[in-house]
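In what follows, a structure is listed as structure tokens, so that the remarks can point back to it.
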Amino acid sequence: MISQEYEFFAPKELAEALAILHRFAGKARPLSGGMTLVPMMTLGVAQPEAIVSLNHIAGLDFIVETPEIIRIGAMTRHRTLETNTLIRRYLPLLSEAASHIGDVQVRHRGTIGGSLSHADPAADYPPIMLVIGARMKIANAAGERWVAARDYFKGLMETDLRPGDLLIEIEAPKLAGRFGTGYQRLHRIEGNFPIVNAAAVIEQGFRSARLALGGIGDRALLVEIEKHLRNGFNDAALDAISDAAYAVAKDAPSDLNGDTEYRRAMARVFAKRAVKLAAAAIPAN
Ligand SMILES: Cc1cc2nc3c(=O)[nH]c(=O)nc-3n(C[C@H](O)[C@H](O)[C@H](O)COP(=O)(O)OP(=O)(O)OC[C@H]3O[C@@H](n4cnc5c(N)ncnc54)[C@H](O)[C@@H]3O)c2cc1C
């Protein structure tokens, strides 16, 4: 039960939503799928004076392509990302990750915008945003700005979003053609958050390579792997990547799912698995 009172707004226009958020000066919360916000309010962890639902605003739920880029509206549900043909073809990591989130009910309500705004350090999307080179479009009553994924995630459930801001769009370059991709997650029960997750993107000829890990710190982190693949993909490269993942995971949290050393060990294993998958998926030519 939510015990405190709050005002509820369901604007139909983005400008109206931004004006309400501005008026409440950080004391209002946007509502997307409600899959995280509602439990937080029930537990009393979030006690906003107002809720601004984004569910009736036209133009926040879309997936479109340009010749180089895929654009995704913040209100796109996980289930849509899981099944959409553009996402499956050009950003397969995203559809793969979406398919693991919660259960089918959660995936039908939860949104990419809500997940990236909440920025749980073990969520499925953050490592993927880092390796696909995504950018976030943020709007407020004063205007709009773009923030690269590597600058967007700041700390424990902390992002570049400030009071009055709304995440409205995510865009990323198309990755089909010359790229192989791999996503791996460790979970005890299907539908649970990952304990550790890893996403990799490798370009043909190892011209570029990116790996990111989640669940190993206060936010998802990139692991420098390109230099290890300069001489191609072999056991020595995999050992070096494993060591790099272990080093990046040095501040991994300890909790009921595993202590720091366990997560660091799993970072080694899942980093290697994601890189192996990505290398095997590089198109022949
Ligand atoms: C049973 C269960 C299992 C789950 N399992 C997983 C899992 O395995 N992996 C995983 O990654 N996630 C998991 N989740 C979380 C799920 O992905 C949520 O959908 C997501 O974290 C929040 O998305 P939402 O659209 O529901 O956001 P909401 O709950 O509506 O909002 C979340 C937070 O973000 C803010 N917010 C929402 N939209 C915006 C916006 N556009 N701009 C700025 N701020 C905004 C809200 O004010 C709130 O603080 C699970 C959730 C549940 C309930």
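The values are calculated or read from the model by the stated rules, or taken from the named source; none is laboratory data. Here the structure is a predicted model, which means the values were calculated and not measured. Accessible surface is based on the protein model in full, side chains and every heavy atom, while ligands, DNA and RNA are left aside. Shrake-Rupley method; radii C 1.70, N 1.55, O 1.52, S 1.80 Å.
A few notes on this one:
- Between Arg178 and Asp103, full extension at 0.36 nm per residue minus the direct alpha carbon distance yields a gain of 23.7 nm.
- Vicinal HN-Hα couplings computed from phi for the stretch 217-224 (Karplus, 6.51 cos²θ - 1.76 cosθ + 1.60; Hz; Gly/Pro x): x, 7, 7, 5, 9, 7, 10, 6
- Largest first, the residues Ile69, Ile225 sort by 1.4 Å accessible area into Ile69, Ile225.
- Solvent-accessible surface of the chain, averaged per residue with a 1.4 angstrom probe and all protein chains in place: 47 square angstrom.
- Val196 long-range amide H proximity, modeled H, under 5 Å: Leu186
- Helix-only arithmetic for the chain: the sum of -39500 (n - 2.57) across DSSP H runs with n ≥ 4, divided by the residue total, places the mean residue ellipticity at 222 nm at -9500 deg cm²/dmol.
- Cα shape, the chain, gyration tensor, a/c 1.5 rule: prolate
- Seen against the Cα atoms of the chain and their longest principal axis, helix 260-280 is set at about 70 degrees.
- Among Lys272, Lys12, the order of accessible area from largest down is Lys12, Lys272, computed with a 1.4 Å probe on protein heavy atoms.
- Principal-axis tilt of helix 235-248 within the chain, Cα atoms, nearest 10 degrees: 30 degrees
- In Hz, Karplus ³J(HN,Hα) per residue of the stretch 69-75 (6.51, -1.76, 1.60; θ = phi - 60°; x = Gly, Pro): 10, 10, 10, 10, x, 4, 8
- Nearest-ten-degree value, helix 14-23 long axis tilted from longest Cα axis of the chain: 70 degrees
- Accessible surface of the chain [probe 1.4 Å, protein heavy atoms]: carbon and sulfur percent: 50 percent
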